[in-house]
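A short write-up of the structure that comes next.
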Amino acid sequence: MRKFKDLPSVIPIFPLPGALLLPRSNMPLHIFEPRYLTMLDDALKTPERLIGMIQPDTGPHSADDALMTIGCAGRITQFNETDDGRYMITLTGISRYRISSQVEGFAPYRRAEVSWDGFEKDMGPEEHDPVFDRAKFLALLERFFSAKGLNTDWETLQEADDELLVNSLSMLLDFSPEDKQALLEAPSLSTRRETLVTLIEFALHSGGDGEDILQ
């Protein structure tokens, strides 16, 4: 793995609402738009093979093409081309980044100059949550899944490491783009877990019908 200081200052960015990539986590993507096929081809030619996932900024006072400030870059670790020229790829989260400015050019996709400062631990070892009450968390999760009529492999969840459990649920549960951004920007695994608990509790108390809770 490349060192933090070796990450490029300009990367291609892929705006996708509601999509959350986290460091050391995997995201499958289906690439079919011509501009993103070009982006993928270009990314595969670079040593880092990075694509920067980012959410559009849909705030009431934001421009139509505005982006959130913070995203997460993923390295292309798997890709398969279909017979009709589309790609099924997997991005593995490398590090979060902060957009400094967008780069003008002739590429059909968007690129940005980014700063990796403040996210050094994203490329470090797996995070642990020292105050994680796993039994209490899983009990809450079981109530949530039961209320929403969802099924899951509880044995796998119980055996998952702290980071894998919290990050996988953060990525898979279908919260709003704003909530996804809060999960992305959480400064630590403990903070992300606390945010996730708050979102699950709010979903339980809201009494929604539970449809489309899992992406």
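The values are calculated or read from the model by the stated rules, or taken from the named source; none is laboratory data. As the structure is a prediction and not an experimental result, all values here were calculated from the model. With ideal geometry, Cβ positions are generated from the backbone for all residues, glycine too; neighbour counts draw on all protein chains shown.
Close Cβ contacts (under 8 Å, 6 or more residues apart or on different chains) running from residues in the range 65-81 that are closer than 12 Å to R24 by Cα to residues that are of a type in the set (D, E) and surrounded by fewer than 16 Cβ atoms within 10 Å (Cβ to Cβ) comprise R75/E48.
Hey, can you tell me all the residues within the range 127-161 that are assigned to a loop (DSSP other than H, G, I, E, B), over 19 Å from T195 (Cβ atoms) and not aliphatic (A, V, I, L, M)? Residues satisfying the conditions are G149, N151, T152, D153.
Evaluated against (1) modelled with pLDDT under 95; (2) surrounded by fewer than 13 Cβ atoms within 10 Å (Cβ to Cβ), E142 falls short on exactly one condition, (2).
Name every residue in the range 10-20 that is crowded, with 17+ Cβ neighbours inside 10 Å and out of contact with any helix residue (DSSP H, G or I) (no Cβ under 7 Å at 6 or more places or on another chain), in order of residue number.
Residues satisfying the conditions are I11, I13, P15, L16, A19.
Hey, does the range 146-163 have a residue that's touching a strand residue (DSSP E or B) at 6+ places or on another chain (Cβ under 7 Å), surrounded by fewer than 18 Cβ atoms within 10 Å (Cβ to Cβ), closer than 26 Å to A203 by Cβ and at pLDDT below 90?
Yes, that holds for at least one residue.
The condition (being of a type in the set (A, V, I, L, M, F, W, C), modelled with pLDDT under 95 and closer than 19 Å to S100 by Cα) is satisfied by just one residue among F4, F32, F14: F4. If you go through the range 83-99 one residue at a time, do you hit one that is of a type in the set (K, R), closer than 26 Å to I200 by Cα and in the same structural domain as E201 (by TED's automatic domain parsing)? No: the range 83-99 contains no residue that is of a type in the set (K, R), closer than 26 Å to I200 by Cα and in the same structural domain as E201 (by TED's automatic domain parsing).
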